[in-house]
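Contents: one structure, followed by commentary.
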Amino acid sequence: MHGDYDAKGPRQLDAGESLTPPAKLPGRRGLDGGRQRTTCHSSNTNGIVMELVARTDRQLPPARAFPARAGVGLKPAHYGTILETNPDIGFFEIHAENFMGAGGPPHRYLGKIRDRYPLSLHGVGLSIGADCELDRAHLERLKRLIERYQPGLFSEHLAWSTHDTAFFNDLLPVPYTAETLARVAEHIDEVQEALGRQMLLENPSTYLAFAESTYSETQFIAEIVRRAGCGLLLDINNVYVASVNQQWDPVGYIDAYPLDHVQEIHLAGHNRDTDDAGRQLLIDTHDRPVDEIVWSLFAHAIAKLGPVPALIEWDASLPPWSKLKAEADRAEAMMLAAALMDSHHAAIG
């Protein structure tokens, strides 16, 4: 590891410098095609801080009861096996943008699977961090999808992907400043009001830091939770990817994270590469098994949290169902072991 957690690692983007993601970054993961284009008309191009309605420590109803078990991302390649074998799995998660059409085979399969299993919904298209208004049409489509399938959990990313009329096929980082904080909290509040339910916010996988940031990432996320009343999705692969790329301690990050608000964990694989300076660069690819270091960080997190819904994300180069299920079984076994250890410690003192 690289010492104490510090949000300002060596890869920084100076104020005013254009943001160009590394050429090796994958496109937006998890989408099976056909995402409707988002148009974003900025109302804040001069960088004016949006006035935030006072809602200190606001509390929203939490998501409905959801099993503290391991689940997997639902992919078309596995529909048949799931329906034929009824595997013992905690839940399935879908990417919202893949199901925003009115009908067709995806909905027929999803309806059958939803009848048998709990469902979580993960969005990639709201552009929560964008310096502009949310796309109301996209939010309305999301609302209809949630009303149709009643997922136990709904989550989105701390990222942006739209500006004016442009759409970027990546989840891009935001500077951790007071202005960004006000904007993100306002957007989350708007989403939760529109949907009538709590949203979980996912920590990003990052490849650089902004020199203008005045909060650490954990401080920034904790303040968003306090202002907007959202829950959190802790993506542990993202923690490790960012920790290597920016040279900070992932254990320290987890210890500093507002764990009391975590309602779901994500686990995934990544690719190891090098940047132009020859330094190690991790790419969040979701196309291989969970790395052993990520498993160890997961163990550290659940020792503090206890069991929570834990998802195996595998979005590309899909394995056979048996291999994906084995990853979920490992996560579930680790949570069971952590719960038993906690019970043992409670019993002896």
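The values are calculated or read from the model by the stated rules, or taken from the named source; none is laboratory data. All values reported here derive from a predicted model rather than from experimental measurement. Don't worry about glycine lacking a Cβ; one is built from the backbone with ideal geometry, like all the others, and counts go over all protein chains shown.
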> Mind checking which residues of region 90-122 are among the small types (Gly, Ala, Ser) and modelled with pLDDT of 95 or more?
Replying inline: GLY90, ALA96, GLY111, SER120
>> Looking at (1) in a loop (DSSP other than H, G, I, E, B); (2) of a type outside the set (Gly, Ala, Ser); (3) touching a helix residue (DSSP H, G or I) at 6+ places or on another chain (Cβ under 6 Å), which one does VAL308 not meet, given that it meets all the others?
In response: (3)
> When you go through ALA347, ALA339 one by one, which is the residue that is surrounded by 12 or more Cβ atoms within 10 Å (Cβ to Cβ), part of a helix (DSSP H, G or I) and at negative phi?
Replying inline: ALA339
> Are any residues in region 60-110 aliphatic (A, V, I, L, M) and in contact (Cβ under 8 Å) with a residue 60 or more places away in the chain, and if so, which ones?
Replying inline: LEU60, ALA63, ALA65, ALA68, ALA70, VAL72, ALA77, ILE82, ILE89, MET100
> Under 7 Å by Cβ, and 6 or more places apart or on different chains, what pairs join a residue from region 124-137 that is more than 14 Å from LEU195 (Cα to Cα) with one that is of a type in the set (D, E, K, R) and buried (at least 21 other Cβ atoms within 10 Å of the Cβ)?
Replying inline: VAL124/GLU97; GLY125/GLU97; ILE128/GLU156; ASP131/ARG183
> Using beta carbons and a limit of 8 Å, which pairs, at least six apart or on different chains, have the first residue in region 290-317 and farther than 19 Å from TYR117 by Cβ and the second one among the polar types (S, T, N, Q)?
Replying inline: VAL290/ASN237; ASP291/ASN237; VAL294/ASN237; ALA316/THR285
